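Contents: one structure, followed by commentary.
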Amino acid sequence: MFCRYFCFLSLCLFLPTQRRCSLGHISDLRGGDTASLPGFENLTMGYNKYLRPYFGGEPVQIAMSLDIASISSISESDMDYTATIYLRQRWTDPRLVFHGNKSFTLDARLVELLWVPDTYIVESKRSFLHDVTVGNRLIRLFSNGTILYALRITTTVACNMDLSKYPMDTQTCRLQLESWGYDENDVIFTWLRGNDSVHGIEKLRLSQYTVERYYTLVSKSQQETGSYPRLILQFELRRNVLYFILETYVPSTLLVMLSWVSFWITLDSVPARTCIGVTTVLSMTTLMIGSRSSLSKTNCFIKAIDVYLGICFSFIFGALVEYAVAHYSSSQKCAAKAPQEGPANELTKEMEEVNITNILNSSITSYKRKISFTSIEISSDNVNCGGLTMKTHEKIKCVLRNKMQRIIGYFTIQNPSNVDHYSKLLFPLFFMLVNVFYWAYYLYF
């Protein structure tokens with residue numbers, strides 16, 4: 001049966017149009033001389049594979065459809081994806097019309113003897129045709145001259161990604177098909193059935209992504225040599241954030257909460273509070289390095305995950321600095337009290353004999369009278385610098401000295417134990433507010 005169809009096809013391809021045979025005349029051919037059947041060396045008789053159909057006339061209509069078999073990898077560092085596709089192209093060649101309503105599947109090696117479109121994949125980095133066990137190509141000829149040409153291709157295509165919201169990002173990638181040499185005056189590309197021309201993409205199961213939606217477009221590529229037809233398959237990939245929540249966000253949040261434990265430890269426990277602070281800082285640094293190692297160092301995006309890790313690191317480092325400030329203030333206060341303990345006992349003994357308060361009051365009163373002519377009044381904290389006889393630079397120094405004393409007094413911690421008390425409330429409160437703004441911005445804006 002196969003030999004019967006092959007002999008019929010060979011005769012139909014290379015006999016003149018008026019002598020084209022139909023399936024009803026196959027019985028007549030069987031009685032003829034089979035030695036006169038044309039061989040492979042005569043396949044180009046009356047057919048020029050170097051000329052497109054309708055050469056010199058209207059452009060060829062090429063309808064395409066795609067099956068996405070798999071998307072094996074999506075690389076953020078290289079900004080590309082690798083996909084295996086089944087590309088099917090259909091066009092009509094009036095030189096291959098024969099009578100009947102049958103279609104014939106030809107050997108894939110016969111494609112070298114036919115005209116085929118010069119379709120290529122735009123922005124493809126690497127592509128190859130599968131050839132196990134034979135070249136994965138299909139040629140099917142219909143009686144009206146329509147040719148179906150199918151290929152199995154694995155290609156790595158560039159995809160420009162915006163990683164500013166990584167890992168809560170949605171990437172838009174494209175698969176573009178274009179004619180290499182024939183412009184729109186020679187070839188017109190169309191999708192066979194619009195969006196229904198693409199199959200398989202809705203069934204894909206990817207490790208980090210979910211296919212949100214896809215659609216097809218028809219466009220043109222304007223080049224210096226002309227305007228070329230282009231078909232575009234555009235699909236959106238939404239990254240699954242659950243993995244990153246368990247891998248990065250939860251550990252970093254727990255480290256921040258661990259740093260707050262030091263607020264419940266007394267200031268005198270220096271080794272305990274220092275150990276907690278240093279350990280959390282080092283752990284957070286390791287987590288930040290690990291999160292960036294998955295992406296290329298040449299990637300200069302400030303990603304959402306980097307922002308969150310930076311926030312967590314700031315709170316952890318702030319908890320360590322808080323203890324340093326509280327401990328320093330406590331030590332300064334103790335140092336100020338220590339020299340006063342000895343004289344205090346002596347003053348107590350002297351107060352039994354002499355009323356030191358009266359002496360100090362009388363001394364201050366006499367001192368004020370002596371300098372009353374300068375109109376400088378001594379207060380408990382500051383000096384009034386409104387004296388008429390003071391020089392200008394002396395007034396400036398006096399004013400600056402008073403302001404510095406006020407500023408120092410404002411930042412002076414009177415009770416170091418209150419630092420931990422306020423930190424227990426302020427650190428969690430600010431961290432919760434920052435998280436609300438962070439997640440609201442990256443999820444909804």
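Bear in mind these aren't lab numbers, they're just calculated from the coordinates by the rules spelled out. Please read all numbers here as calculations on a predicted model, not as lab measurements. In this analysis, Cβ positions are derived from the backbone assuming ideal geometry, glycine residues included, and neighbour counts consider all displayed protein chains.
Once the Cα-Cα distance is subtracted from the 0.36 nm per residue extended length, the Leu138 to Leu204 segment shows a gain of 21.3 nm. If I take R0 = 22 Å and measure r between the Cβ atoms of Ile289 and Leu443 in this structure, what FRET efficiency does the formula 1/(1 + (r/R0)^6) give, to the nearest 0.05? According to the calculation, E is roughly 0.25. Each Lys and Arg adds +1 at its Cβ and each Asp and Glu adds -1 at its Cβ; summed about the Cα centre, region 47-239 shows a dipole of about 620 debye. Note on Ile245/Asp268: beta-carbon distance plugged into 1/(1 + (r/R0)^6) with R0 of 41 Å gives a FRET efficiency of 0.60.
Suppose we take every Cα in region 47-239 and form the convex hull; what volume per residue is that in Å³?
Taking the convex hull of the Cα positions in region 47-239, it is 135 Å³ per residue.
Across region 192-200, computed HN-Hα scalar couplings (Karplus, 6.51 cos²θ - 1.76 cosθ + 1.60, θ = phi - 60°) run 5, 9, x, 5, 6, 6, 10, 10, x Hz from first to last residue, x flagging Gly and Pro. In this label model, Ser331 and Lys403 are separated by 3.2 nm, measuring between points 7 Å along each Cα→Cβ vector. Per-residue 3J(HN,Hα) values for region 221-229, derived from phi via the Karplus relation 6.51 cos²θ - 1.76 cosθ + 1.60 with θ = phi - 60°, read 10, 8, 10, 5, 8, x, 9, 10, x Hz in sequence order (x marks Gly and Pro). Here the extension length gained between Val307 and Ser103 equals 67.3 nm, from 0.36 nm per residue of separation less the Cα-Cα distance.
Determine, from the Cβ-Cβ distance of Tyr215 and Ser70 and an R0 of 22 Å, the FRET efficiency 1/(1 + (r/R0)^6), rounded to the nearest 0.05. Kindly include the intermediate steps, with their values, before the conclusion.
Values: r = 20 Å, r/R0 = 0.93.
Once rounded, the FRET efficiency stands at 0.60.
Between Arg126 and Leu426, the modelled labels are 5.6 nm apart [label points 7 Å from Cα along Cα→Cβ].
Relative to the current alpha-carbon distance between Asp196 and Glu224, full extension at 0.36 nm per residue lengthens the span by 6.8 nm.
Compactness of region 114-201, taken as the C-alpha radius of gyration over 2.2 N^0.38 Å, stands at 1.38.
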